[in-house]
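Novice: Sharing a structure with you now.
The values are calculated or read from the model by the stated rules, or taken from the named source; none is laboratory data. Model, not experiment: these values are computed from the prediction. Because the Cβ atoms are built from the backbone with ideal geometry, glycine has one as well, and the counts that use them run over all protein chains shown.
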Amino acid sequence: MPKRLLIITYYWPPAGGSGVQRWLKFTKYLREFGWEPVIYTPQNPEVVLLDKTLHADIPKGVEVLKRNIFEPYKVFRLFTRQKGKMGVGFTSEEGKSKGLFGRIALWARANLFIPDARMFWVRPSVRFLAKYLKKHPVDAVVSTGPPHSMHLIALGLKQRLGVKWVADFRDPWTNIDYFSDLPLTTRSLKKHRKLERDVLINADEVVVVGSQMQEEFEQLSSRKVQVITNGFDEADFPEQSAEPDQYFTITHIGTIPPNRNCEFLWQAMGSLIISNKAFASKLSIQLVGTIDKSVRDQLEKYGLNDYCTFFGYLDHTTSVQLMQRSQVLLLLVNNTPNAKGILTGKVFEYLAAQRPIIAIGPLGGDVDNLLKEAKAGVTANFSDYTDILTKLTWLWGEYEQGFPFLSDIENAAYSRRNLTGRLVEILNNLS
């Protein structure tokens with residue numbers, strides 16, 4: 001009989017975007033290692049992106065428990081007069097200021113809804129799952145955050161039933177990039193830190209996606225923290241991929257908020273257009289996802305608009321095809337104090353596409369170390385125009401020679417199947 005694993009996750013198909021990928025892919029391969037997943041997720045989540053193609057990755061017959069969730073975003077939108085779903089971080093395609101009501105609503109969001117706006121789902125979920133688990137026991141529970149309210153659900157089950165619990169952090173909690181932008185009171189900050197510490201101390205295992213976060217959490221909790229990076233699914237990347245574009249195509253996939261926008265990058269591209277006619281005749285910039293107005297303004301400032309294609313959101317399958325056809329894949333790391341510890345899931349899919357990568361971020365950080373280890377590209381310092389220009393010029397030269405280093409890329413360690421095996425080692429060792 002397979003062991004049973006309850007996975008508490010806010011993001012699940014048809015939700016799209018990066019938040020759903022990690023545990024969808026673990027779920028896909030768990031049965032191969034003798035574990036049967038059971039999913040607990042909201043019936044009516046507040047998600048920005050939908051991607052129905054992801055349903056194909058859900059194993060046949062997997063039990064998915066869904067319960068309605070109340071979130072205060074309807075009230076938030078009433079005050080801010082914002083239409084549609086709430087976005088991620090502080091990205092604005094229109095560049096509008098928040099206004100008085102927006103600032104008030106942001107203060108309420110930061111100080112009244114701790115750890116996040118999903119807090120109202122915690123108690124009813126603990127009650128529901130406690131009843132469920134008494135009739136349908138599991139061998140372990142996993143919570144994945146953000147949103148970190150998912151961890152509080154698992155903490156409640158741990159306290160009530162003594163379940164074996166793995167807390168999985170896809171991003172930091174109090175050290176996440178936008179945390180310093182929230183108008184938190186001293187009391188609210190103290191509460192965040194207490195809840196964070198409660199989760200870190202009480203979970204049987206804590207898993208994070210990178211070494212910098214591992215170090216931070218070990219310092220916070222004085223305990224061992226495990227690392228399982230994000231990765232890529234071989235099934236998403238056909239061996240016979242499309243031929244790369246003839247143009248010098250530089251593609252970025254994902255949201256570009258203000259703190260991920262690098263003006264020196266656009267300035268360097270604009271400089272190369274002026275100084276190198278061959279570069280100007282071949283350059284093509286492809287931007288997939290939500291792009292902050294600051295990016296569009298700087299693209300216009302440096303004469304790059306005519307070289308750009310703005311795709312908006314694309315489903316995962318289409319995004320993969322675009323990666324494989326691109327000459328260079330661009331990764332923008334948030335220019336924030338925790339930048340060295342940012343290791344997005346996107347970089348592993350870039351590795352799987354086996355195209356050259358240029359990351360704009362801190363040297364010596366998790367992304368830089370990964371690219372060096374995998375021999376897949378270069379990192380240029382976010383705040384160093386000369387370094388960015390030098391790295392772009394080097395990539396252009398490699399493009400003219402057909403990128404001879406591509407055959408050296410090493411990515412097998414980051415396959416979703418192999419990473420699931422690592423997860424199962426942790427689950428099997430729970431005592």
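Novice: Within the range 136-193, can you find the residues that are farther than 19 Å from Q214 by Cα, of a type in the set (A, V, I, L, M, F, W, C) and not in a helix (DSSP H, G or I)?
Specialist: Listed by number, the residues that qualify are V138, A140, V141, V163, L182, L184.
Novice: Moving to a separate point now. Answer yes if at least one residue in the range 312-335 is among the charged types (D, E, K, R) and closer than 23 Å to G270 by Cβ, and no otherwise.
Specialist: Taking every residue of the range 312-335 in turn, none turns out to be among the charged types (D, E, K, R) and closer than 23 Å to G270 by Cβ.
Novice: Please find, among E239, E243, the residue that is exposed (fewer than 15 other Cβ atoms within 10 Å of the Cβ), free of Cβ contacts under 8 Å to residues at least 12 places away in the same chain and either acidic (D, E) or not assigned by TED's automatic domain parsing to the domain that holds R170 (or both).
Specialist: Checking each option against the conditions leaves just E239.
Novice: Does at least one position in the range 395-407 carry a residue that is assigned by TED's automatic domain parsing to the domain that holds T249, among the hydroxyl-bearing types (S, T, Y), at pLDDT below 95 and part of a loop (DSSP other than H, G, I, E, B)?
Specialist: no
Novice: Looking at this structure, is E373 touching a Phe, Trp or Tyr at 6+ places or on another chain (Cβ under 9 Å) and either surrounded by fewer than 20 Cβ atoms within 10 Å (Cβ to Cβ) or part of a helix (DSSP H, G or I) (or both)?
Specialist: So E373 fails the test.
Novice: Would you mention how many residues in the range 296-316 are farther than 15 Å from L272 by Cα and of a type in the set (S, T, Y)?
Specialist: Qualifying residue count for the region: 2.
Novice: Return the total of residues in the range 220-251 being touching a Leu at 6+ places or on another chain (Cβ under 7 Å), in a helix (DSSP H, G or I) and either among the aliphatic types (A, V, I, L, M) or at positive phi (or both).
Specialist: Number satisfying all stated conditions: 1.
Novice: Regarding the range 208-219, can at least one residue be identified that is touching a Ser or Thr at 6+ places or on another chain (Cβ under 7 Å), touching a residue at least 60 places away in the same chain (Cβ under 8 Å), part of a loop (DSSP other than H, G, I, E, B) and not β-branched (V, I, T)?
Specialist: yes
Novice: Is the range 206-219 home to any residue that is at pLDDT 95 or above, surrounded by 21 or more Cβ atoms within 10 Å (Cβ to Cβ), touching a Leu at 6+ places or on another chain (Cβ under 7 Å) and not assigned by TED's automatic domain parsing to the domain that holds N338?
Specialist: Checked against the condition, which is being at pLDDT 95 or above, surrounded by 21 or more Cβ atoms within 10 Å (Cβ to Cβ), touching a Leu at 6+ places or on another chain (Cβ under 7 Å) and not assigned by TED's automatic domain parsing to the domain that holds N338, the range 206-219 yields at least one hit.
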